[in-house]
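This report concerns only the one structure given below.
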Amino acid sequence: MDSCLAVEADIDKLIAKYNKYGPKWQFQLHRFISTLERYKREIESQSSEIDKCGLSSTILQMKLAIKDISNEHRRWHSDVSRVGKTIDKNFIADYTEASNKKAFKTDHEKEILNKIICMHLYRDSKWEVAEEFLKEAGITVDDKLKQRYLNLNHIVDSLRQKDPMPAFEWVYQNKVQLDAKKSDLEFKLHQIVFLDILNRGDQYEAVVYARTNFSRFIDKQKEIQSTMGMLLYPPNVAQMRTEVIDLFIKDSCLSDDDMLSVCVNVGCSALPALLDIKHAICRDVGGVWNENDELPIKIDTGFAYHSVFACPILRTRSGTSNPPMMLVCGHVISKDALNKLERSGRLKCPYCPKEQLPSEARTINF
């Protein structure tokens, strides 16, 4: 973000300078052109004597103005070049030096990457592109998984076309999971139907629908009151419909398990730190990965997503020989950390005063 702001600052300076001098020089050039055209007409007509002193004075003024414009143009060119240098300074064209060159070398790793890309295309309703990608990559995807994404995207398209029935059917089929998550999706769908009826101008039918369907949402009294207030002050239905679609995408896991989006977002967040490491050690970042494919420093990506467990005590990644262990208080550390913290057959949690026996810790499959 700082890089973008630095470039934007230089561009703003250049635009401000143009806005200051550009109109001024354009006005002078148009005035000189008009004067020369007038002298040209007088010379061609030969009907009157030409003002030679005035013509000489105009030519002299033109020469001085053109000289000033040329000097200012050179300064503008210098400012434009400065913008290019700022871009080169703040942005890097080649990011391969910040990558782990050992990644995606084997056929198995390449197949996993291709499947992740394909799943992203299915989630995004790019069916033709996904099918062609499958053929060219030479991989296969479970038909049940493809059908699941097809059904979910059909529901999204139906919501956009003001047809909530497929969404209601999906809600009723997954009611247990949605209730466990305390999802508002069902109520929001009824709210959208209520507003669609209201937009048709039938307030009586809207009130009947509200009495029939809102009565079972006992814990949403404030939301129901707000919805009934829409009889007098109708809201932006299009915006609320978009919010419902976003809520469905979230609750149906169309977005949460998109590994490609997660990887891209994490990579974009970590890239500045990786480039700083590269500048600090003056060599490829790929050469400092350790045997566990980890960097020697912690990089905060802003995402609470981890494919492996990293021990908060020893700062090492867990594995089969060093699995994550959950203490009786609920905190999780690695097995190696647990062994190091054991004193006289007892163990005290490093995060709270709770004590326990080492044997009471449970292994977690992460």
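So the values come out like this:
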| read-out | value |
| --- | --- |
| Descending Cα extents along the principal axes, segment 147-260, whole Å | 45, 28, 21 |
| Heavy atoms of D142 accessible to a 1.4 Å probe, total area in Å² rounded to 10 | 90 |
| Unsatisfied cross-links (Cα-Cα over 29 Å) in the set K135/K182; K102/K181; K144/K175; K126/K162 | K135/K182; K102/K181 |
| Accessible surface, per residue, of the chain when the full set of protein chains is kept, probe 1.4 Å, Å² | 67 |
| Percent accessible area from carbon and sulfur atoms, the chain, protein chains only, probe 1.4 Å | 55 |
| Area of R74 that stays accessible when all protein chains are in place (1.4 Å probe, Å², to 10) | 150 |
| Solvent exposure, largest accessible area first (probe 1.4 Å, DNA, RNA and ligands not counted), of V332, V264 | V264, V332 |
| Solvent-accessible ranking of H331, H30, H190, largest area first, probe 1.4 Å | H30, H331, H190 |
| Highest to lowest packing among 116-124, 219-227, 160-168, scored as the average C-beta count within 10 Å | 116-124, 160-168, 219-227 |
| Check: the chain dipole with +1 on Lys, Arg Cβ and -1 on Asp, Glu Cβ, in debye | 1060 |
| Dipole-positive endmost among W170, S183, S45 within the chain (Cβ charges, Cα centre) | S45 |
| Relative contact order (%) - the chain, alpha-carbon pairs under 8 angstrom, separation at least six | 13 |
| Cα convex hull of the chain - mean projected area over all directions, nm² | 36.5 |
| Within straight-line cross-link reach of K52, aspartates and glutamates at Cα separation under 20 Å, skipping those fewer than 8 residues along the same chain | E37, E42, E44 |
| Nearby lysines by direct alpha-carbon distance to K354 (threshold 26 angstrom, same-chain neighbours under 8 apart not counted) | K335, K340 |
| Highest to lowest packing among 235-243, 335-343, scored as the average C-beta count within 10 Å | 335-343, 235-243 |
| Sequence of R75, R38 from largest to smallest accessible area, 1.4 Å probe | R75, R38 |
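The values are calculated or read from the model by the stated rules, or taken from the named source; none is laboratory data. Small disclaimer: the values here were computed from a predicted structure and weren't measured. Methodologically, a virtual Cβ is constructed for each residue, glycine included, from the backbone with ideal geometry; neighbour enumeration extends over all protein chains shown. Please note that ligands, DNA and RNA were not included when accessible areas were found on the heavy atoms of the full protein model with its side chains. Shrake-Rupley method; radii C 1.70, N 1.55, O 1.52, S 1.80 Å.
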